[in-house]
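For reference, the structure discussed in these notes is given below.
The values are calculated or read from the model by the stated rules, or taken from the named source; none is laboratory data. Since this is a predicted model, take the numbers as computed values, not measurements. Cβ: placed from backbone, ideal geometry, glycine included. Neighbour counts: every protein chain shown.
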Amino acid sequence: MQIDTKLPKVGTTIFSVMSQLALEHKAVNLGQGFPDFEPPQALRDSITRAMAEGKNQYAPGIGIPKLREQIALKTERLYGHKVSPDTEVTVTSGATEALFAAIAAVVRAGEEVIVFDPCYDSYEPAIDLQGAKAVHIPLTLPDFGIDWQRVRDAITPKTKMILINSPHNPSGAVLSRADLDELAAIVRDTAIVVLSDEVYEHIVFDGAQHQSVLRHPELATRSVVVSSFGKTYHCTGWKVGYAIAPKALTAEFRKVHQYLTFCTFNPAQWAFAEFLEAHPEHYLELPAFYQAKRDRFRQLLAPSRLKLLDVPGGYFQLVDYSAIRDIDDINFSEYLVREGGVAVIPLTPFYETAPETRLVRLCFAKNDATMEAAAERLCKL
Ligand SMILES: Cc1ncc(COP(=O)(O)O)c(C=O)c1O
């Protein structure tokens, strides 16, 4: 039987390809974005206890009350924005589910969603599956900022959503308050919904403050804000995240969530609820924790021929390899994993139309030993 694919552009992701090559070539894997260290012991103890205490059946669809309350408390404490845990917070199976549910709840066939390239790879398939169109706007180089005039020019009567991501994967760029003001001015008096992917919300460096859309009262009334416990608590494999949106938007979001997953892994919800309450210092100290890793990694790479781009947030380092090879980034990544013994991620798969750059992404959410082993190899190139 001939299957008429709904996602003709989707193949094996670059992350799977690079991880497979890393295994084959015994390379140090700085490709896929996950920590190679463990979540806090107290969090692991909590999840084990939750299972031992029988928290093993379906959770309430929208998330256990205690976790939603903790998310609401944290949101108010950090962003000065009060949200109702009952009507505005929904626990999801990772940020990926929340992004999909938000797009499916809001965007209809024939409508348009503005995304910024390079963009996270789950956005476009979620838009395509609605029969909608992703309108790609490239971020400006070399700082990966948003050209707001291009956004104004891209708006049409079909524009239903603008999808932003700060701190940004893969560049680490962060949006400023002035950016959010520009966005607010553009969507004012329209029916455009903002979807804000803030999974790296607690990883912002050099004393800067994360400009959550939830800090911006005008934008907060028309936005779905998505975050991920996987990034904050070093447990990407647990796949727990959440979405915050005003009541009417949350009601639509929950209609999709209800039939997409219904509910999220129950023991982890109990563990996060306990841990958030007992250890708020974990997320408060996360910028310093990752800044130390960023600085160590940059110091280790300083003698190499790689040019290091600035990293204002997130846990990725972009490097320009043009002093080493004048080949495209996919070929360079393959060369690097085979000959150099380090797996990285090329940037072009994050673009609809990639610019002529010589950049690859390295993940520094790694132990010292991993960073040192990678740097030793990279410094030989
Ligand atoms: C920008 C961005 N959004 C969403 C996700 C997915 O988060 P989760 O693992 O919670 O689904 C990631 C994970 O790498 C990401 O980098």
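Of note:
- Of all residues making up segment 93-109, the number that are away from the ligand (no atom under 16 Å from the Cβ) and either crowded, with 17+ Cβ neighbours inside 10 Å or charged (D, E, K, R) (or both): 4
- Any hit, segment 194-208, residues being more than 16 Å from the ligand (Cβ to nearest atom), modelled with pLDDT of 95 or more and closer than 23 Å to V89 by Cβ: no
- Selected residue (only one of V213, V240, V225 is within 16 Å of the ligand (Cβ to nearest atom), among the aliphatic types (A, V, I, L, M) and closer than 18 Å to A104 by Cβ): V225
- The number of residues in segment 54-85 that are more than 16 Å from the ligand (Cβ to nearest atom) and either without any contact (Cβ under 8 Å) to a residue 24 or more places away in the chain or assigned to a helix (DSSP H, G or I) (or both) comes to 16.
- Pairs where the first residue, in segment 3-17, is under 21 Å from A132 (Cα atoms) and the second is of a type in the set (A, V, I, L, M, F, W, C), C-beta under 8 Å, 6+ apart: K6/L129; L7/L129
- The one condition in (1) more than 16 Å from the ligand (Cβ to nearest atom); (2) closer than 18 Å to L276 by Cα; (3) not in a helix (DSSP H, G or I) that T90 fails to fulfil: (1)
- Sole residue being touching a residue at least 24 places away in the same chain (Cβ under 8 Å) and not assigned by TED's automatic domain parsing to the domain that holds I62, chosen from L286, L249, L260: L286
- Taken over segment 113-127, the criterion of being crowded, with 17+ Cβ neighbours inside 10 Å and out of contact with any helix residue (DSSP H, G or I) (no Cβ under 8 Å at 6 or more places or on another chain) is satisfied by F116, E124.
- Matching option when the condition is under 21 Å from the mean Cα position of the chain (by Cα) and within 15 Å of A245 (Cα to Cα), among V89, V17: V89
- Counted residues, segment 44-58 - those being within 25 Å of the chain's Cα centre (by Cα) and within 11 Å of Q269 (Cβ to Cβ): 1
- Segment 291-329, subset touching a helix residue (DSSP H, G or I) at 6+ places or on another chain (Cβ under 6 Å) and hydrophobic (A, V, I, L, M, F, W, C), residue farthest from the ligand (Cβ to nearest atom): L300
- Check on L306, aliphatic (A, V, I, L, M), in contact with an Asp or Glu (Cβ under 8 Å, 6 or more places away or on another chain) and not assigned by TED's automatic domain parsing to the domain that holds K74: yes
- Residue match in segment 173-181 (condition: without any contact (Cβ under 8 Å) to a residue 60 or more places away in the chain, more than 15 Å from the ligand (Cβ to nearest atom) and more than 27 Å from Q317 (Cα to Cα)): yes
- Residue within segment 348-359 that is out of contact with any Cys (no Cβ under 7 Å at 6 or more places or on another chain), without any contact (Cβ under 8 Å) to a residue 40 or more places away in the chain and more than 28 Å from S166 (Cβ to Cβ) present: no
- Of the criteria (1) in contact with a strand residue (DSSP E or B) (Cβ under 9 Å, 6 or more places away or on another chain); (2) more than 12 Å from the ligand (Cβ to nearest atom), which one G230 fails: (2)
- Selected residue [touching a His at 6+ places or on another chain (Cβ under 9 Å) and either of a type in the set (A, V, I, L, M, F, W, C) or closer than 30 Å to R150 by Cβ (or both)] from S196, S212, S228: S212
- Inside segment 25-53, residues that are free of Cβ contacts under 8 Å to residues at least 60 places away in the same chain and surrounded by fewer than 10 Cβ atoms within 10 Å (Cβ to Cβ) make up a count of 1.
- Taking segment 19-43 as the range and being of a type in the set (D, E, K, R), away from the ligand (no atom under 16 Å from the Cβ), touching a helix residue (DSSP H, G or I) at 6+ places or on another chain (Cβ under 9 Å) and part of a loop (DSSP other than H, G, I, E, B) as the test, only E38 passes.
- On the stretch given as segment 283-306, residues that are under 21 Å from the mean Cα position of the chain (by Cα) and polar (S, T, N, Q) total 1.
- Close pairs from segment 308-320: first surrounded by fewer than 21 Cβ atoms within 10 Å (Cβ to Cβ), partner modelled with pLDDT under 95, Cβ under 7 Å, at least 6 apart: L309/P142
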